[in-house]
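The values are calculated or read from the model by the stated rules, or taken from the named source; none is laboratory data. What you are looking at is a predicted structure, and each value in this text was computed from that prediction instead of being measured. Reconstructed Cβ throughout: ideal geometry from the backbone, glycine too, with neighbour counts over all protein chains shown.
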């Protein structure tokens, strides 16, 4: 059991003798009489030296007002009544000194049995010899403190204690507590290894934010960490609080979106290619990493940057690996002809937001190719006489936006065979 440091006192000489305290250089003493086995008592070691017999001694405890609240002592027992026989016997008897113990203990109780409230008290020793000479030590302070240090932590609830990237670069520890000689705090990895130390001296514990670095300023490994803060006051009272399951994650998943196949499409009545296929990459973190995908979206945008259709999900929703876009907007209506592109975004529990990634441009085109034919003659005679031997057609393709025309095919057919 941890004992309180003993106060050693010595009384020497006679009436004019001084009583010296061996440890007065470091007052006051602190005790916490709460029966926890740590500094429960004030143990005073003393000795009395005198040429004559010591008839009594006392340990006196006073409160801050000077009122005596506890007296512990011993004295020689004398007869309370005398007759001639007892008187002669007392005179002839050899005088005895009272027993002086090596240590006298105050357990923090008053004479009435009550435990001393927190506060400052004073203690001293008195001694008296057979000649009625009495001497006392100097009064020394002792502090009774049963109230332990206290700290209250304010952090995110479990399940949200993850940080490391984006808008979560730090983890905030809000804490309020009592002013103590020293508060100490540590951040430790799952294997118990301490990576970061903090302390506050002669102060209450201050709130702060951890940026995921160790004592040397080096970024710690991804993983689960625990924060512990504690203090022990001068009376041996202790306080300890902790926050567990703090996840540091510097994970930065990479997203992507690509066009698979043709970048041109139309409506079913105009083309066999009536949709565009998008290959999507939105990684989900490892299940044991503590990180999670919390928001994702794949948006289809027109050339001006306006969203025409959006595919989105939250935590727990599995992101797609392929999207088939059929040219319908969010309301189910056909989009205008034009150029479009896809954009993918994702947000993770550790605060990381992926950079915006755009797909290549793809084109929705419902206008069929068109050409103009112009003939100068309706009749020709290819007989080699030099007169209307050929038939001349002037043809031109209409200027067309959207998808390019891959090839043109012209045919001359018999009107009879239609």
Matching residues in region 22-42 (surrounded by fewer than 20 Cβ atoms within 10 Å (Cβ to Cβ) and either at pLDDT 90 or above or in a strand (DSSP E or B) (or both)) number 8
Being at pLDDT 95 or above, under 30 Å from residue 103 (Cβ atoms) and outside the structural domain of residue 62 (by TED's automatic domain parsing) is true for just one of 204, 191, 181. Which residue is that? 181
Answer yes or no: is there a residue in region 295-313 that is on the phi > 0 side of the Ramachandran plot and at pLDDT 95 or above. yes
Going by what's in this entry, would residue 236 be described as closer than 30 Å to residue 297 by Cβ, surrounded by 16 or more Cβ atoms within 10 Å (Cβ to Cβ) and not assigned by TED's automatic domain parsing to the domain that holds residue 356? no
Could you please let me know if residue 47 is closer than 16 Å to residue 126 by Cβ, at pLDDT 50 or above, in the same structural domain as residue 133 (by TED's automatic domain parsing) and in contact with a strand residue (DSSP E or B) (Cβ under 6 Å, 6 or more places away or on another chain)? yes
Determine which member of the set 117, 157 is assigned by TED's automatic domain parsing to the domain that holds residue 97, surrounded by fewer than 19 Cβ atoms within 10 Å (Cβ to Cβ) and in a loop (DSSP other than H, G, I, E, B). 117
Flag for residue 360 being out of contact with any helix residue (DSSP H, G or I) (no Cβ under 8 Å at 6 or more places or on another chain), in contact (Cβ under 8 Å) with a residue 24 or more places away in the chain, part of a loop (DSSP other than H, G, I, E, B) and surrounded by 12 or more Cβ atoms within 10 Å (Cβ to Cβ): no
Count, please, the residues in region 284-308 that happen to be assigned to a loop (DSSP other than H, G, I, E, B) and buried (at least 16 other Cβ atoms within 10 Å of the Cβ). 4
